[in-house]
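Down below is the structure, laid out as structure tokens.
The values are calculated or read from the model by the stated rules, or taken from the named source; none is laboratory data. Given the structure is predicted, the values throughout are model-derived calculations rather than measurements. Virtual Cβ from ideal backbone geometry, glycine too; neighbours counted across all protein chains shown.
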Amino acid sequence: MSSDKTAIRNAATVIVLRDRFERPSVLMGQRGAKAAFMPNKFVFPGGAVDAADADVPLAAPLPEPCRTRLQDHAPAGLHHALAVAAVRELWEETGLVLGQPREWPGDVPEDWRSFAATGHVPSAHALQFVFRALTPPGRPRRFDARFFLVDAAEIRGDPDDFTHASDELSHLQWIPLDEVRRFDLPFITEVVLAEIAERAADPEPPASVPYFRNDDEASLFLRLRGIPMPETG
């Protein structure tokens, strides 16, 4: 039996890639010095899935094969909440909108009122599931994080306008991939960046998704290829 009692929370992280065919850069910010998780580190926008995320409508769902790969080694139906969390965290931490212009269907949840006020409903059609990582045991917080890649061209509005961002990340900036290792990065972020650098010029989803799983027994590097969908008709 493991002595690590830290609960593992599902989380979504968003890698926004800009100028991918020229000099690609990614959007990152710095966590606070007093943050319980990864203080002072430069990270991508992201955070834990909230229980309410499962009930938030999407203007467009996740594309295939991302949806089936998210369901591999995961509870059924979690893919929707993960996609919603990705859009929400991007909005909260950067003020950037990933959505489609339309009226919100029904009542707007409190956490989404500022997003809805922009005239958009969250959309997941541009998200690509590209990486998954489980925080090792012994850390103050543990996350089962899914990393989503999105092209900056899919952002609604000015990608340099961070005026609606919360104060969770400071020094928000677009960092060229060929300069990013000058910053103080978590180990797993460096691993993810290596994957992104290899496929920056390829707009198609990866052939399979790396899963860096650190559990109580061992650290494993798996590949998620999706689960078969039930036949219809």
Can you pull out every residue in the stretch 30-59 that is under 16 Å from Arg88 (Cβ atoms) and touching a strand residue (DSSP E or B) at 6+ places or on another chain (Cβ under 8 Å)? Phe44, Pro45, Gly46, Gly47, Ala48, Val49, Val56, Pro57, Leu58, Ala59
Just to be sure, is Val121 among the aliphatic types (A, V, I, L, M), under 14 Å from Leu62 (Cβ atoms) and in a strand (DSSP E or B)? no
Of all the residues that make up the stretch 110-136, how many are modelled with pLDDT under 95 and within 20 Å of Ala52 (Cβ to Cβ)? 2
Flagged in the stretch 170-184 as assigned to a strand (DSSP E or B) and on the phi < 0 side of the Ramachandran plot, in numbering order, are Ser170, Leu172, Gln173, Trp174, Ile175, Pro176
Just checking, how many residues over the stretch 10-46 are modelled with pLDDT under 95, farther than 16 Å from Trp174 by Cα and surrounded by 15 or more Cβ atoms within 10 Å (Cβ to Cβ)? 3
Considering each residue of the stretch 58-76, count those that are out of contact with any Leu (no Cβ under 9 Å at 6 or more places or on another chain), closer than 25 Å to Trp104 by Cβ and either modelled with pLDDT under 90 or not small (Gly, Ala, Ser) (or both), and give that number. 3
Considering only the stretch 53-77, state which residues are touching a helix residue (DSSP H, G or I) at 6+ places or on another chain (Cβ under 7 Å) and of a type in the set (A, V, I, L, M, F, W, C). Ala54, Val56, Leu58, Leu62, Leu70
